[in-house]
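Student: Input: one structure, supplied below.
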Amino acid sequence: MSATPESKAAVTELTGGPIDELQWRGLIAQSTDEQALRSVMAAGPITYYCGFDPTAPSLHIGNLVQLLTMRRIQEAGHLPLGLVGGATGLIGDPRMSGERVLNSTDTVAEWVDRIRTQVEKYLDFDGRFAARIVNNLDWTAPLSAIDFLRDIGKHFRMGRMLGKETVSARLNSDDGLSFTEFSYQILQGMDFLELNKRYGCVLQTGGNDQWGNLTSGTELIRKVTGNEVHALATPLITKADGTKFGKTESGTVWLDPALTSPYAFYQFWINSDDRDVDRYLKVFTFRDAEGLAELAEATAGRPHAREAQRALAGDVTTLVHGQAATDQVIAASGALFGRGEIAAVDEPTLTAALSEAGLTDITGPLPTIVELLQISGLASSGSDARRTIAEGGANINNQRISDPDHVPDVGDLLAGGLLVLRRGKRTVAGVRLRS
RNA sequence: GGUAGGUUGCCCGAGUGGCCAAAGGGAGCUGACUGUAAAUCAGCCGCGCAAGCUACGGGAGUUCGAAUCUCUCACCUACCA
């Protein structure tokens, strides 16, 4: 059920080196001794890990960077440990924005299951470099407070802990910082130590914002075992316009199709800025340098074709939601944004497209365009709807409507009793008349 | 605890009795251009078809009339201690 079977086949022997690969893809923000890491990796398969905390019912596209980084390293011939934070999720990583509200243990347990399933999708559990899923609750829960303080706590120095960027920022904020969140870095450090003991894990990867937590583990291992282990941080993914990556008007772009529909997911990627798309292709797809050069050329020479955006959206959607969902979404997007006659689109495609975009069932006589815009959620109020119409931004079945009192005719209904409403260039919604 | 200043629409910020649904900027929306991109230009940007209604921290007043004046409560800031 993995999205790229051909890349699975690539999991064979040690190759040139994942570090070079990660580097040209722009995936290394900082690392511990890189030369040492290179030679360790060249000497044979290593075991590495990356953790995912259950802070939500699903992972999001920010986590995808980590998942794919793990995957790339596995394909280069190393053994991944996917860690789900059953324990750390109960504590909460300190954020700049203030103290977290603790989630109930039941909630966290449920999210752990969901997230484990998601992580599993991106790793290969067969063959010589088979992945393994671990849960830090397994070694954290049995630990007594006394053992924790004596065996682990003794290795952590307050000065070092207080110096962490987020910790000091929080201490200086009005919110302050609870002991609970302050302890988080110890737990994460402990994970690395535990995985080092159990599986010989020598590398932790993570986002650059996790750097403090990553090094917390490398330092703990050095103190306890005297061994040098490594940490590798991926950069924060940015957008050329300066806004936050991974958000849309409706919020976070989740990996769970129930939270972000495959259609919305695909639309997110296809709307990528020209200035960002090449970088995203490197980070989020498995295309090689040659393929990316071609796409970069396409963006420069034939920007209107949007080849790079299509490639990006297609690849990532396939990776996350599978080929079938992607085919459907591409057909849907084509139907809604295509130049062709919308009435020519077959009913299943149209229904699927509108379901993805947002479909509302109505009964009774057909309402006016003003009401339709409100019912479908395209306009927030009657005034808003009228304004849009006056501005020439309201369309039914790709026909501009300029009369606010316009009522669509039964003859306007497409197959299945559907009407395609569009506000402006790219906001589409459907209404279906149920008799 | 004392004194002074502040709290305006999604955000910033003008406005000190009628001309204020409230300047200006940002965000956002729409159009033109176009490529479901960016930039640019233009329009829009509380609710209501409208009459009108609701709004300038909360409450109570003064006035024909208040975002603007008075009282009071809450919160924030600065200086004093």
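The values are calculated or read from the model by the stated rules, or taken from the named source; none is laboratory data. For clarity, every value in this text was computed on a predicted model and none was experimentally measured. Cβ: placed from backbone, ideal geometry, glycine included. Neighbour counts: every protein chain shown. These area figures cover heavy atoms from the full protein model, side chains too; ligands, DNA and RNA do not enter into them. Shrake-Rupley method; radii C 1.70, N 1.55, O 1.52, S 1.80 Å.
Student: Could you list all residues from region A:230-247 that are away from RNA strand B (no atom under 11 Å from the Cβ) and not in a strand (DSSP E or B)?
Tutor: A:235, A:236, A:237, A:245, A:246, listed by residue number.
Student: Restricting attention to region A:222-249, and to residues there that are in contact (Cβ under 8 Å) with a residue 40 or more places away in the chain and of a type outside the set (A, V, I, L, M), which single residue is surrounded by the most Cβ atoms within 10 Å (Cβ to Cβ)?
Tutor: Among those that are in contact (Cβ under 8 Å) with a residue 40 or more places away in the chain and of a type outside the set (A, V, I, L, M), it is A:234.
Student: Filter region A:112-129 for residues that are more than 17 Å from residue A:64 (Cβ to Cβ) and either part of a helix (DSSP H, G or I) or open to solvent by 30 Å² or more (accessible area, probe 1.4 Å) (or both) and give the result.
Tutor: Let us first name the residues in region A:112-129 that are more than 17 Å from residue A:64 (Cβ to Cβ), namely A:112-113, A:125-129.
Scanning region A:112-129 gives A:112, A:113, A:125, A:126, A:127, A:128.
Student: Right, next: List pairs: first residue in region A:255-281 and closer than 19 Å to residue A:26 by Cα, second residue open to solvent by 30 Å² or more (accessible area, probe 1.4 Å) and modelled with pLDDT under 85 anywhere in the structure, Cβ distance under 7 angstrom, at least six positions apart or on different chains.
Tutor: Short answer, once both residue conditions are applied: A:273/A:239; A:273/A:240; A:273/A:241; A:274/A:303; A:275/A:240; A:276/A:239; A:276/A:240.
Student: Let me ask something additional. On the basis of being of a type in the set (Ser, Thr, Tyr) and open to solvent by 40 Å² or more (accessible area, probe 1.4 Å), does residue A:168 make the cut? I'd like the intermediate steps shown before the answer.
Tutor: Values: of a type in the set (Ser, Thr, Tyr): yes; open to solvent by 40 Å² or more (accessible area, probe 1.4 Å): yes.
Spelling it out, residue A:168 is indeed of a type in the set (Ser, Thr, Tyr) and open to solvent by 40 Å² or more (accessible area, probe 1.4 Å).
Student: Now, a different point. Is there a residue being more than 8 Å from RNA strand B (Cβ to nearest atom), open to solvent by less than 30 Å² (accessible area, probe 1.4 Å) and under 18 Å from residue A:434 (Cα atoms) anywhere in region A:327-350?
Tutor: Within region A:327-350, one or more residues are more than 8 Å from RNA strand B (Cβ to nearest atom), open to solvent by less than 30 Å² (accessible area, probe 1.4 Å) and under 18 Å from residue A:434 (Cα atoms).
Student: Scan A:293, A:305, A:258 and give me the residue that is within 14 Å of RNA strand B (Cβ to nearest atom) and of a type in the set (A, V, I, L, M). So that I can check it myself, show each step before the final result.
Tutor: Values: A:293 fails: within 14 Å of RNA strand B (Cβ to nearest atom); A:258 fails: within 14 Å of RNA strand B (Cβ to nearest atom).
A:305 is the lone residue from the list that is within 14 Å of RNA strand B (Cβ to nearest atom) and of a type in the set (A, V, I, L, M).
Student: Here's something else I'd like to know. Restricting to region A:185-221, and then to whatever is among the hydroxyl-bearing types (Ser, Thr, Tyr) and surrounded by 24 or more Cβ atoms within 10 Å (Cβ to Cβ), can you tell me which residue is modelled with the lowest pLDDT? Before the answer, list the steps.
Tutor: We begin by selecting, within region A:185-221, every residue among the hydroxyl-bearing types (Ser, Thr, Tyr); these are A:199, A:205, A:215-216, A:218.
Narrowing further to those that are surrounded by 24 or more Cβ atoms within 10 Å (Cβ to Cβ): A:205, A:216.
Working: A:205: 96, A:216: 93.
If we take residues in region A:185-221 being among the hydroxyl-bearing types (Ser, Thr, Tyr) and surrounded by 24 or more Cβ atoms within 10 Å (Cβ to Cβ), then A:216 is modelled with the lowest pLDDT.
Student: Of everything in region A:360-405, what is assigned to a helix (DSSP H, G or I), within 11 Å of RNA strand B (Cβ to nearest atom) and either touching a residue at least 12 places away in the same chain (Cβ under 8 Å) or not hydroxyl-bearing (Ser, Thr, Tyr) (or both)? Give them in sequence order. It would help to see each step written out before you state the result.
Tutor: Just the residues of region A:360-405 that are assigned to a helix (DSSP H, G or I), to begin with: A:369-375, A:382-390.
Adding the requirement that they be within 11 Å of RNA strand B (Cβ to nearest atom) leaves A:370-371, A:373-374, A:382-390.
Passing the criteria: A:370, A:371, A:373, A:374, A:382, A:384, A:385, A:386, A:387, A:388, A:389, A:390.
Student: Do we have residue A:327 as under 26 Å from residue A:65 (Cα atoms) and of a type in the set (Asp, Glu) here?
Tutor: On the way: under 26 Å from residue A:65 (Cα atoms): yes; of a type in the set (Asp, Glu): yes.
Against the criterion (under 26 Å from residue A:65 (Cα atoms) and of a type in the set (Asp, Glu)), residue A:327 qualifies.
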